[in-house]
Amino acid sequence: MKRRTLLKTLAAASATASATFTAAALPGQLWAAPATKTRLLVVFMRGGYDAASLLVPISSPYYYEVRPNIAIARDEVLAVDADWGLHPALTDTIYPLFSAGQAAFVPFAGTEDLSRSHFETQDSIELGQSLTGRRDYRSGFLNRLAATLNANRANAISFTDQLPLIMQGSLQVPNTALASLAKPAVDAKQASMIAAMYQGTTLAQPVREGFTVREDVMKEMIGEMNAANRNAITSKGFEVEARRIARLMKDKYNIGFVDVGGWDTHVGQGNRSGYLANRLEELGRGLAGYAQEMGPDWRDTVVVVVSEFGRTFRENGNRGTDHGHGSVYWVLGGGVHGGVHGEQLRLEQKTLFQNRDYPVLNEYRAMFGGLLARMYGLNAGQVEKIFGTRGSDLGLV
């Protein structure tokens, strides 16, 4: 900043001392009071990832009892604290950030939406609105955040084929496709395992006799798993694009959104290795690459990783997990207070939600509200305008 511009900014801040947030309008940069450049990237894991494999509840005997095939052993996880361990697929990527105090996790996080529908729950989170009363499907919470910060100060962008709900609203937001990445699909091994589901069932005989039942049901299940991705990119090769996103956000944008598909693991999920481990390893490389590419600007950057819901605490009959409720959110950044944050409870059969899922103890709108208030100096009224509720400060930054 030139000295004259700085003096004008200080004078403007003094004249508007009653406001919680003030800024100088510099293209591509966000200057808050105190003068700090802040960037936010929201990463949406579409498909509902298995949070209990990401942040493993190592102090829960029940976890190991009900996951005989897909649990991550205590001696395989990366130490977080006495209750939690991180998936070993993140050894070289996210765990170094955690060790440096730059990665935090919020278990038992999510929405109050109980539909367990990919589409309904994804919409609920992107809208960031109350589930009661009229909902405005033309107003996503990142657009409302950017509008609150003022269009001249907050340059938002969505790294998606089409503008998602989270970025729709009164403020015009551009989107750009990450064309170099293929869309996720169910591979041949998974398709074979889905077919094996029908062995020994009442459908086995019709299938053997040449009926198309198996093929039709397989197509329906595969179609659902792909549809849950909503045309999001796959995690394979994500590192290259994550670095590209970082370069764009360093130069031009300070609020970004990207979605990554492939997290609907009904079949053949794996444990320390396998399908889910590979996806986590790829995503971890991308996020670590993003942090590295940001360089010194990483200290003023926050990345929040969310998914529409978690998955069932027990594994299913196909060594996978089904649609659940509570999840684990990730919060990464150079200024993040690392560790495990938010309200927690001991994971036992009696504490599961509806005897099957993580409960939601840390409602996502309140969590985001508290986080954004700290990041941008938003007051309670501004937070409530964005989310329709007051924020809850979990000490993430």
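This table checks each residue for (1) crowded, with 16+ Cβ neighbours inside 10 Å; (2) over 21 Å from the mean Cα position of the chain (by Cα).
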{"residue": "Y62", "(1), (2)": "yes, yes"}
{"residue": "I72", "(1), (2)": "yes, yes"}
{"residue": "L78", "(1), (2)": "yes, no"}
{"residue": "D81", "(1), (2)": "no, yes"}
{"residue": "L90", "(1), (2)": "yes, no"}
{"residue": "Y95", "(1), (2)": "yes, no"}
Residue list for the range 362-397, filter: over 17 Å from V328 (Cα atoms), in contact with a strand residue (DSSP E or B) (Cβ under 8 Å, 6 or more places away or on another chain) and of a type in the set (G, A, S): G377
Subset tally (residues that are closer than 15 Å to M367 by Cβ and acidic (D, E)) for the range 309-345: 1
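For (1) surrounded by fewer than 22 Cβ atoms within 10 Å (Cβ to Cβ); (2) under 20 Å from I166 (Cβ atoms); (3) of a type in the set (S, T, Y), each residue gets a yes or a no:
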{"site": "N316", "(1), (2), (3)": "yes, no, no"}
{"site": "G320", "(1), (2), (3)": "no, no, no"}
{"site": "L332", "(1), (2), (3)": "no, yes, no"}
{"site": "L361", "(1), (2), (3)": "yes, no, no"}
{"site": "M367", "(1), (2), (3)": "no, yes, no"}
{"site": "Y376", "(1), (2), (3)": "no, yes, yes"}
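Here is a yes/no grid of residues against (1) among the basic types (K, R); (2) assigned to a loop (DSSP other than H, G, I, E, B):
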| position | (1), (2) |
| --- | --- |
| V106 | no, no |
| S124 | no, no |
| R134 | yes, yes |
| Y137 | no, yes |
| R144 | yes, no |
| A147 | no, no |
| Q162 | no, yes |
Output for the range 283-305, where each listed residue is part of a helix (DSSP H, G or I) and surrounded by 20 or more Cβ atoms within 10 Å (Cβ to Cβ): L283, G284, R285, G286, L287, A288, G289, Y290, A291, M294, W298
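Residue by residue, here is whether (1) closer than 23 Å to V56 by Cβ; (2) at pLDDT 95 or above; (3) not polar (S, T, N, Q) holds:
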position: T312; (1), (2), (3): yes, yes, no
position: N316; (1), (2), (3): yes, yes, no
position: T321; (1), (2), (3): yes, yes, no
position: H325; (1), (2), (3): yes, yes, yes
position: D357; (1), (2), (3): yes, yes, yes
position: G377; (1), (2), (3): no, no, yes
position: F387; (1), (2), (3): no, yes, yes
position: S392; (1), (2), (3): no, yes, no
position: V397; (1), (2), (3): no, yes, yes
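Within the range 378-397, take every residue that is among the small types (G, A, S) and surrounded by fewer than 21 Cβ atoms within 10 Å (Cβ to Cβ) and give me the one that is nearest to N150 (Cα to Cα). Break it down into steps so the answer makes sense when it comes.
Of all residues in the range 378-397, those among the small types (G, A, S) come to 380-381, 388, 391-392, 395.
Those still in the list that are surrounded by fewer than 21 Cβ atoms within 10 Å (Cβ to Cβ) too: 380-381, 388, 392, 395.
On the way: A380: 17, G381: 16, G388: 19, S392: 23, G395: 26 Å.
The qualifying residue nearest to N150 (Cα to Cα) is G381.
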Qualifying residue in the range 127-138 (condition: at pLDDT below 95 and buried (at least 18 other Cβ atoms within 10 Å of the Cβ)): no
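The values are calculated or read from the model by the stated rules, or taken from the named source; none is laboratory data. What you see is a predicted model; the values in this text were computed from it and never measured. Using ideal geometry, Cβ is built from the backbone for each residue, glycine included, and neighbour counts are taken over all protein chains shown.
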